[in-house]
Amino acid sequence: MKKLILVPLLLTALGVMLLSPLTAKAQFAKAEDAIKYRQSTFSVMGTHFSRIGTVVKGEKPFDKEEVAANAAVVASLAHLPWQAFGPGTEGGKSLPEIWKESDKFKVSSDRMQKAVMELNTAAKGGDLDTIKKAFGAAGQSCKACHDNYRKK
């Protein structure tokens, strides 16, 4: 049953991933639209990342396929929110430093995307210890960005 639900979800995420870079920048007529887009993307990523976290913390039994499916969703969405941080999209939970330090912010976003891709690779491999290590690195990359660029 889980597979039947996850396959359409993954296919939809893949479709969004492939089409979004072509249209996302043009679709934000208002700053509020960009803010909602990036917050929604981060929310879905956070949900799936947290599901992996429950396994890594030992709160839920390790199911290799479930962890891999959640990591795939996070990886497929990881590049999406950044296009919603363009000029004129200030606000939401974002600090003004994002736009003042755009080069540093880009480095942080690139670091997070790389860490998430490594988590996805680890999850595909199915070794829990490797997944735990990659999960920790991805979590640290998220935390670093939150610490520097997100309102408390």
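The values are calculated or read from the model by the stated rules, or taken from the named source; none is laboratory data. Because the structure is predicted, anything quoted here is derived from the model rather than measured. Cβ: placed from backbone, ideal geometry, glycine included. Neighbour counts: every protein chain shown.
Please indicate, with yes or no, whether at least one residue in the stretch 68-87 is touching a strand residue (DSSP E or B) at 6+ places or on another chain (Cβ under 9 Å) and either of a type in the set (A, V, I, L, M) or within 28 Å of F28 (Cα to Cα) (or both). Yes, the conditions are met somewhere in the stretch 68-87. Listed here are the helices (runs of 4 or more DSSP H) enclosed by the stretch 49-152 that have at least 2 residues being modelled with pLDDT of 95 or more, touching a Ser or Thr at 6+ places or on another chain (Cβ under 8 Å) and closer than 25 Å to Y37 by Cβ: 102-125, 128-149. Beta carbons closer than 8 Å, at least 6 apart along the sequence or on distinct chains, pair a first residue in the stretch 92-120 that is surrounded by 15 or more Cβ atoms within 10 Å (Cβ to Cβ) with a second that is of a type in the set (D, E) and part of a helix (DSSP H, G or I) for F105/E97. If you go through the stretch 21-44 one residue at a time, do you hit one that is at pLDDT 95 or above, exposed (fewer than 13 other Cβ atoms within 10 Å of the Cβ) and closer than 30 Å to L128 by Cα? Looking for residues that are at pLDDT 95 or above, exposed (fewer than 13 other Cβ atoms within 10 Å of the Cβ) and closer than 30 Å to L128 by Cα, one finds at least one in the stretch 21-44, hence yes.
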